[in-house]
There are 2 protein chains.
Amino acid sequence: MTEIKVPATSANLGPGYDTLGLALTLFNNFKIKKRDDQQLKIKVIDKNNEKEIKIADSDNLIAQAYKKYFNFLEAEIIGAEIIEEMNTPLARGLGSSASAIIGGLAAAAVISGKLISENDFIQLAVKLETHPDNVVPALVGGLTINFNCNNNYDYYKIDVDPDINCILLVPDYELKTEKLRQVLPQEVNYTSAISNLSRISLLTAAFINKDYKLLKTAMDDQLHQPYRKKLIKGFDQIISTAYKNGAAGAALSGAGPTILAFAVENEILIAKKMQEIYNSLAIESDSYIVKASNSSLYQSLKEEIVKDV
Amino acid sequence: MTEIKVPATSANLGPGYDTLGLALTLFNNFKIKKRDDQQLKIKVIDKNNEKEIKIADSDNLIAQAYKKYFNFLEAEIIGAEIIEEMNTPLARGLGSSASAIIGGLAAAAVISGKLISENDFIQLAVKLETHPDNVVPALVGGLTINFNCNNNYDYYKIDVDPDINCILLVPDYELKTEKLRQVLPQEVNYTSAISNLSRISLLTAAFINKDYKLLKTAMDDQLHQPYRKKLIKGFDQIISTAYKNGAAGAALSGAGPTILAFAVENEILIAKKMQEIYNSLAIESDSYIVKASNSSLYQSLKEEIVKDV
């Protein structure tokens, strides 16, 4: 049995719509075992209540990814038993789909014993997920700048300071990314685009130079948050509460509904105060205090488990 | 007599439309002398041919800026003689207007003996120029990320490595920024906005981490260059020639028509090859090889010339 850990991720980070993604120290574990037949048996267990989550075969991203990897290898599928122990809540903007995709691809690498190049791995993952900013940090860790150049997805990784805490406020309801895409306009005006350009440049400088006082301005977004926050009750109040209590920056995680706040200190107080807003609105929620996860799953696959193709 | 040097600047740097500006070691010199009356005598001399450039009073940005500064001080205007020795060509995308504005404001600081805060200085300059990415680097030096937060213009400065050369290819015709603004569409699509978001994030990382291999991807722009390049004969050919000969990155300077290329080495060859394209099109041009100018004019005003208000 081989076990791999795939991090939860926060995509669309601040002004980084479809661009910036952050890997978090909140992991989904995949336990992988070879079978003697060609069957694929997949089980997903919610670690919060130890219950199995039933996923229709057609929706099973782990299986799709697993098969895609063997297709890419042009090899016969080898049977496997994969158990995912999910610690990240589903459909909350924390990259649970990306995690399933990366887990499925990594499982296939482990079972086949053949590791395709990191760039090929990324192309397969993005094809399944359609955007890069969850799958790439899930595979390589850290804060990734994701970009497409000549139809090839690539990234630049920034290692994030362990001093910075990530507070995740996760309400007890799901929002599907498709629905959240529908609320966006067709086009954006120059003013909004320019605002995000300046913010993402600041955010990049803030994380490289560890200059976190920039984050309050840098986390502001004009490209998706103004539209999506209407679907998230209490959003403005939670963000302002985070800042009032000392957060360095705060924004939607992914397409929401999770709200992420960065804090160098007072993270427990900030999380508590943010959660009180949901309490006052009679919305159940969980809060997590995690760090950025800088380690690369791809590197550990390379070093420990499988041979290069 | 006091002499101050204001750098030429390259705004809209790569993907940094209305956001990123770079100060260059190509300076306009302002020679400033107090007069005993309240008159303002301004003379602009083109240093390339030592001829005077006649500017209508209503268009004289040096005079407008000078008066604006005294207005801000709520003080009577003190007369002065200002001679600008221009080394940067006019209306070519190298910040000649910004230079006049900063020169006029700085002259008023010198003559009044009163230096307003850097932030106030910036607000005055942006009000005259309407956008920040030339005036701010002209005042503070370096590569500036310019942003507006709650109707206040502010910046973050990145000191640029002296190893990097900036090649400026300046054709012998003017293009007015207003005309170049008219060719832009009303809105931008998400794909273009996302492309620039990823590029400006990469560009920021490239300059902070001195990782210049990123610049080729990072200098790409989808927000203004595709529209403006139609007004600039030979544009695509010059850019590809720059890359073919080893440039690290290349794009329009400001709104054009100047083209800027970055190079760590072979800068003379690259400049020559770029210029040959204009030669083949029978367009006269000049090329300059300069560096980024990291020194701050505001700091030197503060340290050497005038007292704080």
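Listed values, structure above:
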item: 1.4 Å probe accessible area per residue over chain A, in Å²; result: 41
item: Shortest-first distances to equivalent copies, position residue A:305, nm, label 7 Å out along Cβ; result: 6.3
item: Relative contact order (%) - criterion: Cα under 8 Å, at least six apart; region: the range A:130-200; result: 17
item: Label-point gap, in nm, between residue B:152 and residue B:283 - each point 7 angstrom along Cα→Cβ; result: 4.3
item: Debye equation applied to the C-alpha atoms of the range A:153-309, log10 I(q)/I(0) at 0.08, 0.10, 0.15 Å⁻¹; result: -0.27, -0.42, -0.90
item: Separation of the residue A:173 and residue B:59 label points, Cα + 7 Å toward Cβ, nm; result: 6.0
item: Surface share of carbon and sulfur [accessible, 1.4 angstrom probe, percent] for the range A:184-309; result: 48
item: Rg over Rh [alpha-carbon atoms, Kirkwood Rh] for the range B:264-309; result: 1.35
item: Gaussian network model of chain B, springs between alpha carbon atoms under 10 Å - residue of B:299, B:123, B:225 with greatest fluctuation; result: B:299
item: Label-point separation in nm, residue B:231 to residue B:210, each point 7 Å along Cα→Cβ; result: 3.8
item: Amide H within-cut-off set for residue B:40, under 5 Å, with H built and near neighbours excluded; result: B:80
item: Sites residue B:51 and residue A:244, calculated FRET efficiency, Cβ-Cβ separation with R0 51 Å, nearest 0.05; result: 0.25
item: Copy-to-copy label separations for residue A:161, where each label sits 7 Å from Cα toward Cβ, in nm and ascending; result: 2.3
item: ³J(HN,Hα) computed for each position of the range B:238-255 - Karplus, 6.51 cos²θ - 1.76 cosθ + 1.60, integer Hz, glycine/proline x; result: 5, 4, 5, 5, 4, 5, 4, 9, x, 5, 7, x, 7, 6, 4, 9, x, 9
item: Chains A and B together, accessible area buried on both sides, 1.4 angstrom probe, square angstrom; result: 3000
item: Estimated 222 nm signal from helices in the protein assembly as shown, with DSSP H stretches of n ≥ 4 weighted -39500 (n - 2.57), rounded to 500; result: -11000 deg cm²/dmol
item: Cubic angstrom per residue, convex hull over Cα atoms of the protein assembly as shown; result: 164
item: At least 50 Å² of accessible area lost relative to the chain alone, listed for the range A:175-198 with a 1.4 Å probe; result: A:187, A:188, A:190, A:194, A:197
item: Value of Rg to Rh for the range B:25-106 (Rh from inverse mean 1/r over Cα pairs, i.e. Kirkwood); result: 0.97
item: When the convex hull of its Cα atoms is projected in every direction, mean area for the range A:73-177 (nm²); result: 8.5
item: Teacher prompt: residue A:36 distances to equivalent labels in other copies, 7 Å Cα→Cβ, nm; result: 11.2
item: Viscosity 1.306 mPa s, 10 °C: Kirkwood-radius Stokes-Einstein D of chain A over Cα pairs, µm²/s; result: 81
item: For residue B:265, solvent-accessible area (1.4 Å; no DNA, RNA or ligand), Å²; result: 120
item: Of B:133, B:221, B:36, the one that fluctuates the most in a GNM where chain B has Cα springs shorter than 10 Å; result: B:36
item: Candidates A:95, A:113, A:249, ranked by Gaussian network fluctuation over chain A, Cα under 10 Å, top entry; result: A:113
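The values are calculated or read from the model by the stated rules, or taken from the named source; none is laboratory data. Worth saying up front: this structure is predicted, and the values here are computed from it rather than measured. Here the Cβ is made from the backbone with ideal geometry for all residues, glycine too, and neighbour counts use every protein chain on show. Just the protein is used for accessible areas: all its heavy atoms, side chains included, with ligands, DNA and RNA removed. Shrake-Rupley method; radii C 1.70, N 1.55, O 1.52, S 1.80 Å.
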